[in-house]
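Inspection log for the structure reproduced underneath, given as C-alpha cells.
The values are calculated or read from the model by the stated rules, or taken from the named source; none is laboratory data. This one's a predicted model, so the numbers in the text were calculated from it and none came from an experiment. Using ideal geometry, Cβ is built from the backbone for each residue, glycine included, and neighbour counts are taken over all protein chains shown. All accessible areas refer to the heavy atoms of the entire protein, side chains included, with ligands and DNA or RNA removed. Shrake-Rupley method; radii C 1.70, N 1.55, O 1.52, S 1.80 Å.
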Amino acid sequence: MRRDHLIALRPWEAPEVTSWGRLAMNAVDRRSGALSLDGSWHFQLLPSPMGCSGEWTRTEVPGTWTTQSGDDLPQYTNAQMPWGEFPPASPAANPTGIYERSVDIPAEWAGRRIVLQVGAAESVLLVHVNGKPVGISKDSHLAAEFDLSDVVRPGDPATVRFTVVKWSDASHIEDQDQWWHAGITRSVLLYATDPLYLADVTVRARRDGRLRVDCQVRDAAGPLPPGWYVTGAVDGQLLAQDTEFDRFNAEDMRVSDFLGEARLRGTVENVWPWSAETPELYDLTVRLHRADGSVADTSHHRVGFRDVEIHGRDLLVNGERVYIRGVNRHDFHPLTGRTVTTEDMRADLVVMKRFGFNAIRTAHYPNDPTLYDLADELGFYVVDEANIESHDHAHEIADDPRYLPAFVDRVSRMVLRDKNHPSVIIWSLGNESDYGANHDAAAGWVRRHDPTRPIQYEGAAKLDWADLTLASDIACPMYAPIEDCVAHARSGKQTKPIIQCEYSHAMGNSNGTLADTWAAIESTPGLQGGFIWEFWDHGILQRVNDGRPVGRGGAGLYEHGVAAPGHRWAYGGDFGETIHDGAFIADGVVFPDRTPKPVMYEHREIAAPVRLTHHQDVLLVHNRQHFRGLEWLAAEWRLVLADGTTLTAPAELPDVLPGESAAVPLPFPVPEGESWLTLRVTTADDEAWAPLGTEVCLPQVRLGTAVADAAPEPAAGPAVTLDADALLVHPLLTAAPVLSLWRAPTDNDELGGMAARWHDWGLDELVRKVVDVREEGSRVVVVAEYATGAGPVRHEQVFTPVAGGLRVEESAELPEGLDDVARVGTVFETVAGLDVLDWYGQGPWESYPDRSTGAPVGHHSLPVDELFTPYLRPQESGGRHGVRRFTLSAPDATGLTVELGAPGQVSVNRYRAEDLAAAAHHDELVPRPGCVVHLDAAHRGLGTASCGPDTSAEYLVAPGTHRWAWTLRVL
Ligand code: IPT
C-alpha cells in the first residue's frame, strides 16, 4: 500500500476507524532515554488531504500550524461546529499538514524493537516511514505509538512523514469550547527496547503501605521465551512475587504464548500516604529479566500510597471527606496554542497551588502527560477527562454505533495511560455529549479495568443526581444553583457526592458569590466542592496590524496581563472567522499570560488552610486542612486601626490537628473604635510550589466596631460654587459630581441580560434636568431629575462647607420599576497628575460586594494605573469594596481626600464607563489624563450569569431611596 492508498481509504470520514497499526496504550514511560524528533521539520499545508503536494517550508514540532504558518488561522467556537457537515462527514476544504524529516536510526539499535511515539496530532494522523504506510491514529490528546522495526534499518537514515488532517469524523467528538487548532501538538520521539519488553505496568498502592504491581510482558521476536521474570523495588526495598496470582505455572508468573503476566507485592512500613496536601512519592523500579538474570527492560514509577472510595454519599481520600477546590484546565498557551512545555505546566500548577486550588479537571481531554507527573509531585486531585465532546450533535452521536469504538477507545486509552498516577482520583467519560449507550460501553470498560476509582460524567448525572444505575458515581452538575445542591443534600434522597464539574464561570469580571457558595458547601454534608470554570483566559497573542498570531517568538510581548503596544489578546472573531463565539473563550481565573485575576485572591482566602474567628473575646485559629498541622506555616499579626496606623506583632501558630481549632491570646489589647486583626500567613520553609515567606492567606477578623459617622459640623470654608448648570465647581475636578446608575457591562451583565435592560431604561445615557437649586444658610441644595424608561429618578445633592472642605449629602429615589440597576452613586473626574490612590478599606485587590472575602480591610496604596484590571473585553473594572476614606495625590503631596459617610464601593481609573463599554479590546482604550472616580452607595454584585447563576438577591441594588454622604477636602 503506497501513501496514496492510505489516503484513499479516507479514514478521516470513518468513525469506526480509530486507529490502524497503532500499538496498545500503556503506562510504561519511555520518554527518558528516547531520541527526540522535536525540532524543525519540512512542512507543507495542503488545502485538503487529497490535495497535490506543493512547496516545502519548515515548521517546528511540536506546534500548532494555526499559530505558526499563517495560512490557516485559529477559529473559536463553543458548542457550534465551525462547518455544517453532519457526522461523520467533514468539509471538502480541509487543511492538511504534511510533515517530513529524516532520522538517523542508531546503529546500536540493531536487533532491537524500534518504536515511534507521536505525542498528539490533531485530528487524524497518518504515518509513513520510508514511503511505507505505518499507521493511523485519532484522538488529538493522546499519544500514538507505531512499531517501526520492520520499516527502518539501524545505521541508516529513515524518512518519517506525517499527514495530519484537520477536520474529520473525530472533529465531531472534539467539539470542545476552545480554539480549533491543528498540528503535531506534543513531542515526537523514537525509542528502542529489547524484543522482550514490559508492555504495561499497573500499580496499586494503598494508604496502609500495601503495594501491588501487575506487569505485562511481550516478546516482539515471537512466543515468550521460558525463564523470564520480573523484579520490583520501592525505594530500594524488593517486592515479592505473588504466587497466588500464578495460576498456570510453577514459577512466579502466568505465561501464555504471547503475553506474560507477573504480579509483585510488598508493604512499605510506616508509609507516608499521598494526598494533595502531602504529596509523598516513592520510587518504584520494575525490571524484566531474561532467563540468565540480565535485565531486558526497566520501568520507573513515582508511586503515591493513597485510597479513594465513595462511602455513602461522601468521596473519601485516605478515609477523609476532602473538599475539592478545583479548577478546569486546558492545555493552553497564548503563543503556541495547545503546545505546552514542562515549565509552562509547572508554572500553571504553582499558581493554582499558591491560590488554594487542590484539584484539576483536565477539561475536556487528557492533558499533556507531564501534567500528571507534576500533579503527583505538587499535590492535586485530578479528574481525568476523556477527549469526547460531541456538543453540536450530542444526541445523535451518543447512541451512534459508528462512534462506539471511538468512545471506548478514548476512555480506555486514557485510563491505560494515566492509571498509575496517585493524583488521578476520578475518571471522566468526557463532556457535553448527551448520554447514550456509547457512554455506558466506555463506563463498563473502566469499571472492569480499574475498580479502584469512581467515574463521573455530567451528561449522565444530570438525568438524576441520585440514580445509581447511571454512568456517574458522582453527582457532578455544571453551574447548578447552590440552593439546588443544598436542597438535594437535605432531601434524604442523595446517594452520591455532589462535586460540581463546573461552577463559578470566570468570564471577565466575575465569580460573584464564591464565598457564599463555599459557606453552603462547608455547612452542608453531601456537598464537597467543585471545579471553577476555568483556569485560562484563552487569548491568543495577535499582531494588530496584520491580524496574525505572533507565535512562539512572542515571549516578552506581554506583561501583567496586558499585551505590548501593537498587540492584543485575540478572542473569537479576531482572526476573521465569521462563525465564532466571541469573548466566551476568555473565561479564566488567569489572564493569557497567567497573571492572576483578582478572583484568585478571593479563592485563596476561601481555600485558606488557616481561618480566624473572634467571638466574645475568644480568638480561635482553625486548621482547615484535612491531613496536616500548621507547622509548615509561619505568621505575623497585624492590627489595622481606623486612624491610619497598622501595628504588627510576631505570631506563633498553635499546634492544632486538621479540622480542629485552638484558642490563642489576643496579640493586642482591643482598642477603642474600629479595628481589624489580620493574620498574615506565609510558608515557613521552601515548598515545591513556593519559596519560604510566600504569602498563603490573610484571614482577618474585626475587633472593635466603627463609631457612627459623625457628620462634620458646618464651618466657614470656601463657599459652594455652582456653574450655570448647577454643577459643583471645584479646582481639582474637571467633571462635577453627578449621579451614576450604570457601569460598563461586565460579561455577566451582557450575557445575563442586565445590560440590555439598563440600555432599555436609558441608564447608559442619563440626561440630568435640574429642577431646584436653593441656598439654605451656608448649604446649597441641588435637585435634579433623570428620566428613565421606568420613571424619573430624583437626585438631591446638599453641599455644605465644612472645615477644610465640603460635605456632600446625596439621595436618589429610584422608582419601583428600576429594580436592578448597576449602581447608585456619584461619579466625578479629577485634574491630571493625581496618580496615587491611598485608601482605607478592602484591598489591595479589586473587590466587589459579592466578591470581597479575599480583600482584607487595611490601609492600601497603589498607583491609579495599577488599580484597573485589564479584562480582555473592557468592562467594569478596578472597584474596591468597603472603602471608608481615600486620598488621590500627586508626587508633591497635593491632591484631594474623600471621607465616606459609610463604607462604599469606590473605583478610580482612567476611563469613563462609556469608554469601557465602547471598546472591544483592551488596546483600543485611550486613558484619560485625570481620574474617573466613582463612589457608590450601592453596587450590584457580579454574579456569574454569563454561564450560571446570577448574583443573589442580597447583592442587587433595590429601588427606593438611597442616601449617602461624603466629605471632599483638598490636601
Ligand atoms: C460548559 C462547557 O462544559 C465548557 O466547556 C464551557 O463551554 C462552559 O460551559 C462555559 O464557558 S457547557 C455550557 C452549555 C453549560
Inset, instruction - For ARG823, indicate whether it is basic (Lys, Arg), at pLDDT 95 or above and within 21 Å of GLY941 (Cα to Cα). - result: yes
Inset, instruction - Can you confirm whether segment 837-853 contains a residue that is more than 17 Å from HIS934 (Cβ to Cβ) and among the aliphatic types (A, V, I, L, M)? - result: no
Inset, instruction - For segment 55-68, name all the residues that are over 27 Å from GLU389 (Cα atoms) and either within 16 Å of the ligand (Cβ to nearest atom) or among the hydroxyl-bearing types (Ser, Thr, Tyr) (or both). - result: THR57, THR59
Inset, instruction - Only one of these is in contact (Cβ under 8 Å) with a residue 24 or more places away in the chain and surrounded by fewer than 23 Cβ atoms within 10 Å (Cβ to Cβ): GLU389, GLU396. Name it. - result: GLU396
Inset, instruction - Among the residues of segment 356-413, write down those that are assigned to a loop (DSSP other than H, G, I, E, B), farther than 20 Å from PHE531 by Cβ and within 15 Å of the ligand (Cβ to nearest atom). - result: SER390
Inset, instruction - Among what's in segment 478-505 and is assigned to a loop (DSSP other than H, G, I, E, B) and either at pLDDT below 95 or not hydroxyl-bearing (Ser, Thr, Tyr) (or both), pick the residue that is nearest to the ligand (Cβ to nearest atom). - result: HIS505
Inset, instruction - Quick one: count up the residues across segment 921-937 that are in contact (Cβ under 8 Å) with a residue 60 or more places away in the chain and either open to solvent by less than 20 Å² (accessible area, probe 1.4 Å) or in a loop (DSSP other than H, G, I, E, B) (or both). - result: 11
Inset, instruction - Could you please give the count of residues in segment 603-620 that are surrounded by fewer than 20 Cβ atoms within 10 Å (Cβ to Cβ) and assigned to a helix (DSSP H, G or I)? - result: 0
Legend entry - From the options ASP257, ASP246, residue that is assigned to a loop (DSSP other than H, G, I, E, B), modelled with pLDDT under 90 and within 17 Å of THR202 (Cβ to Cβ): ASP246
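Here is a yes/no grid of residues against (1) away from the ligand (no atom under 16 Å from the Cβ); (2) under 27 Å from the mean Cα position of the chain (by Cα):
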{"residue": "ALA121", "(1), (2)": "yes, yes"}
{"residue": "VAL129", "(1), (2)": "yes, no"}
{"residue": "SER140", "(1), (2)": "no, yes"}
{"residue": "VAL152", "(1), (2)": "yes, no"}
{"residue": "ALA158", "(1), (2)": "yes, no"}
{"residue": "ARG161", "(1), (2)": "yes, no"}
{"residue": "LYS166", "(1), (2)": "yes, yes"}
Legend entry - Number of the exception - LEU666 against (1) open to solvent by 70 Å² or more (accessible area, probe 1.4 Å); (2) part of a loop (DSSP other than H, G, I, E, B): (1)
Legend entry - Residues of segment 286-313 satisfying the condition of being assigned to a strand (DSSP E or B) and under 33 Å from the mean Cα position of the chain (by Cα): SER299, HIS300, HIS301, ARG302, VAL303, VAL308, GLU309, ILE310, HIS311
Inset, instruction - Answer yes or no as to whether GLY508 is within 16 Å of the ligand (Cβ to nearest atom), farther than 21 Å from ALA607 by Cβ, outside the structural domain of LEU916 (by TED's automatic domain parsing) and outside any helix (DSSP H, G or I). - result: yes
Legend entry - Among residues of segment 422-455, those that are free of Cβ contacts under 8 Å to residues at least 24 places away in the same chain and within 16 Å of the ligand (Cβ to nearest atom), counted: 0
Inset, instruction - Looking at (1) over 14 Å from the mean Cα position of the chain (by Cα); (2) surrounded by 24 or more Cβ atoms within 10 Å (Cβ to Cβ), find the lone condition where HIS538 falls short. - result: (1)
Legend entry - Only listed residue being within 33 Å of the chain's Cα centre (by Cα), farther than 27 Å from GLY551 by Cα and outside any strand (DSSP E or B), chosen from GLY70, GLY84: GLY84
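Yes or no, residue by residue, for (1) among the aromatic types (Phe, Trp, Tyr); (2) at negative phi; (3) at pLDDT below 95; (4) crowded, with 23+ Cβ neighbours inside 10 Å:
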residue	(1), (2), (3), (4)
PRO549	no, yes, no, yes
LEU557	no, yes, no, no
HIS560	no, no, no, no
ALA563	no, yes, no, yes
HIS567	no, yes, no, no
ALA570	no, yes, no, yes
GLY573	no, no, no, no
Inset, instruction - Give the residue that is nearest to LEU198 (Cα to Cα), with candidates limited to residues of segment 14-36 that are in a loop (DSSP other than H, G, I, E, B) and of a type in the set (Ser, Thr, Tyr). - result: SER32
Inset, instruction - Just need a number here: residues in segment 534-566 that are within 16 Å of the ligand (Cβ to nearest atom) and either aliphatic (A, V, I, L, M) or in contact with a Phe, Trp or Tyr (Cβ under 9 Å, 6 or more places away or on another chain) (or both). - result: 5
Inset, instruction - Being surrounded by fewer than 24 Cβ atoms within 10 Å (Cβ to Cβ) and part of a loop (DSSP other than H, G, I, E, B) is the filter; apply it to segment 511-533 and report the residue that is farthest from the ligand (Cβ to nearest atom). - result: PRO525
Legend entry - Matching residues, segment 456-477, being within 16 Å of the ligand (Cβ to nearest atom), aliphatic (A, V, I, L, M) and open to solvent by 40 Å² or more (accessible area, probe 1.4 Å): LEU463
Inset, instruction - Please report, ordered by residue number, the strands (runs of 3 or more DSSP E) entirely within segment 134-209 with at least 2 residues that are of a type in the set (Phe, Trp, Tyr). - result: 178-180
Inset, instruction - Scan segment 621-660 residue by residue and report those that are open to solvent by less than 60 Å² (accessible area, probe 1.4 Å), in a strand (DSSP E or B) and touching a Leu at 6+ places or on another chain (Cβ under 7 Å). - result: VAL621, ASN623, LEU633, ALA635, TRP637, LEU639, ALA651
Inset, instruction - Starting from segment 609-625, keep only residues that are under 18 Å from PHE668 (Cα atoms), then list their pairs with residues that are among the charged types (D, E, K, R) and assigned to a strand (DSSP E or B) whose Cβ atoms are within a distance under 8 Å, requiring at least 6 positions of separation or different chains. - result: HIS614/ARG702; VAL621/ARG611
Inset, instruction - Can you work out which of the residues in segment 305-329 that are in contact with an Asp or Glu (Cβ under 7 Å, 6 or more places away or on another chain) and within 16 Å of the ligand (Cβ to nearest atom) is nearest to SER523 (Cα to Cα)? - result: VAL327
Legend entry - Single residue of GLY326, GLY312 found to be open to solvent by 20 Å² or more (accessible area, probe 1.4 Å), out of contact with any Pro (no Cβ under 8 Å at 6 or more places or on another chain) and among the small types (Gly, Ala, Ser): GLY312
Inset, instruction - Evaluate the following for TYR479: is it of a type in the set (Ser, Thr, Tyr) and closer than 23 Å to ARG624 by Cα? - result: no
Inset, instruction - Answer yes or no as to whether ARG448 is part of a helix (DSSP H, G or I) and assigned by TED's automatic domain parsing to the domain that holds TRP518. - result: yes
Inset, instruction - Go through (1) in a helix (DSSP H, G or I); (2) over 18 Å from GLY508 (Cα atoms); (3) of a type in the set (D, E, K, R) one by one and return the number of the condition GLU577 breaks. - result: (1)
